[in-house]
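A short worksheet on the structure shown next.
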Amino acid sequence: MTTAQEILTTHEVALTATAKPLGDSPADALVLGVGHDGAPALPGEIKAGVRRRLTELAQRAGASGTLDRVVVVPAPEEVRASLVVFTGLGRGEGDERLENLRRAAGAAVRGLQGRAASAVVAFEVTSVADVQAVAEGIGLGAFEYTAQKARTRSEENRPLVSAAVFAPKNLGREAKAALTRAAHVTRAVRLTRTLVDLSPDTATPEFVADVAVAAAKGTRVKVEVLAEKELARGSYGGLLGVGQGSVNGPRLVKLRWSPARAQKHVALVGKGITFDSGGLSLKPPASMMTMKSDMAGAAAVLSTVFAAAALELPVAVTGWLCLAENLPSGSATRPGDVLTMHSGHTVEVLNTDAEGRLVLADGLWAAGQENPDVLVDIATLTGAQMAALGVRTAGVMGDDAARGLVVDAAARAGEPAWPMPLPEHLRPSLDSFVADLKNMGDKHGGMLVAGLFLREFVPEHDGRRVPWAHIDIAGPSFNESQPWGYTPKEGTGFGVRTLLQLAESHAG
């Protein structure tokens, strides 16, 4: 039986900085970047003979500058390692270049899984941002899901244990601080992945709430959990309506990091459907296979709040986890039922498989009552997101200013996101004959219709709506294909880095 505490003890990579381009101690592997010309981009002062030998080795091995192209070969005697890894750096400038460094490092580390415990990662870096990107790639790539494995767990598949990251001497203490930040960021992403990968019989709403409580021990994050009785008293009709078909009752978890010096407040709301069968509007069996991932938004919010606390960001960050299990039963919500939401709105449920917007509506209204400087929800909300943007790019909707902040934060974090509109001509399609709203509208532009529904539950204060953005991560939160870059199969942890960047932009 997997416990909440076990989920928090995920594999860690010990990160250190070295000013010596080939490392100052023996390692199992030396990782080098390859430029678009096919030659290794060797950093710092390296003896001419060693430089020549490594360049010849890369050519013979067929190394390439293409991203995700990794070649592992035995190391020459001039190198204090058993293996040399050549990994493509791709092309790009600015934020794209930083993301390429992450992907190159992550792809190399994945290639070393089960083959090396330690490595020197010697990329050509010139700034603290470069060092941090490389370190993040290492931490993100060194991931293996083992939480529920018993007999197949093996040391042969163990990820990297330690890595020395090349950083020029002039970067000094800044490089060490970058490694510390990278460690906190990647720990948060790995926790999110683990929560998403957990089987739905384990990761129930109550279990995820327990993880939040366990994670808060020894920190200054405050946790409040509302179970069925408290939800009923607060008229959280969305959460209760979605969760009433399951024996595993819904939960609303509030996490709060609130340092004394904070001048700004960022509120984050995450969709946490721990399993989505579609309810009485039942999904086809094949469409249920990945529905343990429908809580990826809540997992990202949970991890982000604790990362903000670990980094001691001088900004208040609250997280609201809207947790429920959507199952069919004799007590399940029926198509045609009308729910009374926490906001007081009534909603006609035409499709019980459009359940994420119902739980988010309650969370948005509750979070918005505190009048934060920005309110962001993140959710695996619609298949229409994947139809419009594919499986690697999130869609961002909301107020122009808040949407822009999120898209900019995503670019800095290296997580692809694209701004989407909220066309007013689609809004009337949500009008209901019997209630204030219905949970389904025009079938065309489904991602946008969902965004318009959520907007109805963003409260106003003094005639001004709380600045709000919605992130649809239906595609990028779960990788059904083969691993690539630093991204593993199944849970990706998408969104954590964007939300942290957003919080940091308000910390200043």
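Of the residues contained in region 324-341, none is found to be aliphatic (A, V, I, L, M), crowded, with 18+ Cβ neighbours inside 10 Å, within 17 Å of the chain's Cα centre (by Cα) and within 25 Å of A212 (Cα to Cα).
Region 127-246 holds helices (runs of 4 or more DSSP H) entirely within its bounds, and those carrying 2 or more residues that are at pLDDT below 95 map to 172-197. Taking region 438-460, which residues are more than 25 Å from V374 (Cα to Cα) and touching a Phe, Trp or Tyr at 6+ places or on another chain (Cβ under 8 Å)? Once the filter is applied, which keeps residues that are more than 25 Å from V374 (Cα to Cα) and touching a Phe, Trp or Tyr at 6+ places or on another chain (Cβ under 8 Å), region 438-460 yields only G441.
Among the candidates G38, G33, which residue alone is small (G, A, S), free of Cβ contacts under 8 Å to residues at least 40 places away in the same chain and in contact with a Ser or Thr (Cβ under 9 Å, 6 or more places away or on another chain)?
Details: G33 fails: free of Cβ contacts under 8 Å to residues at least 40 places away in the same chain.
Being small (G, A, S), free of Cβ contacts under 8 Å to residues at least 40 places away in the same chain and in contact with a Ser or Thr (Cβ under 9 Å, 6 or more places away or on another chain) holds for just one of G38, G33, which is G38.
Has region 267-274 got at least one residue that is open to solvent by 10 Å² or more (accessible area, probe 1.4 Å) and not β-branched (V, I, T)? Even if it seems obvious, please write down each step before you answer.
Going residue by residue through region 267-274, those that are open to solvent by 10 Å² or more (accessible area, probe 1.4 Å) are none.
Checking region 267-274: not a single residue is open to solvent by 10 Å² or more (accessible area, probe 1.4 Å) and not β-branched (V, I, T).
The criterion of being at pLDDT 95 or above and either open to solvent by 20 Å² or more (accessible area, probe 1.4 Å) or over 22 Å from D201 (Cβ atoms) (or both) holds for A316. Within the set G344, G336, the sole residue that is in contact (Cβ under 8 Å) with a residue 60 or more places away in the chain, on the phi > 0 side of the Ramachandran plot and not in a strand (DSSP E or B) turns out to be G344. Given (1) over 20 Å from S477 (Cα atoms); (2) under 17 Å from the mean Cα position of the chain (by Cα); (3) among the charged types (D, E, K, R), where does D362 come up short, assuming only one miss? Single failed check for D362: (2).
For region 58-84, residues that are within 34 Å of the chain's Cα centre (by Cα), of a type in the set (V, I, T) and more than 16 Å from N100 (Cβ to Cβ) total 4. A Cβ distance below 8 Å, combined with a sequence gap of six or more or placement on separate chains, defines the contacts here; from region 109-123, residues that are assigned by the TED database to the domain that holds V71 reach residues that are part of a strand (DSSP E or B) and among the acidic types (D, E) in the pairs L112/D28; R115/D28; A116/D28; A117/D28; S118/D28; A119/D28. Pairing each residue of region 219-231 that is surrounded by 13 or more Cβ atoms within 10 Å (Cβ to Cβ) with any residue that is in a loop (DSSP other than H, G, I, E, B) and modelled with pLDDT of 95 or more, provided the two are 6+ apart or on different chains, yields C-beta distances under 6 Å for E228/G249. Set side by side, the residues R97, R110, R102 differ, and just one is in contact with a Gly (Cβ under 7 Å, 6 or more places away or on another chain), modelled with pLDDT of 95 or more, in a helix (DSSP H, G or I) and open to solvent by 60 Å² or more (accessible area, probe 1.4 Å), which is R110.
Looking only at region 354-366, decide whether some residue is open to solvent by 40 Å² or more (accessible area, probe 1.4 Å) and more than 30 Å from S505 (Cα to Cα). Talk me through it step by step, then tell me what you get.
So the first thing to find is which residues in region 354-366 are open to solvent by 40 Å² or more (accessible area, probe 1.4 Å), and the list is 365.
Now restrict to residues that are more than 30 Å from S505 (Cα to Cα): none.
Among the residues of region 354-366, not one is open to solvent by 40 Å² or more (accessible area, probe 1.4 Å) and more than 30 Å from S505 (Cα to Cα), which makes the answer no.
The values are calculated or read from the model by the stated rules, or taken from the named source; none is laboratory data. Remember, it's a predicted structure, so these values are computed and weren't measured experimentally. So basically every Cβ, Gly included, is an ideal-geometry build from the backbone, and we count neighbours across all protein chains shown. Heads up: the accessible areas ignore ligands, DNA and RNA and are worked out on the full protein's heavy atoms, side chains in. Shrake-Rupley method; radii C 1.70, N 1.55, O 1.52, S 1.80 Å.
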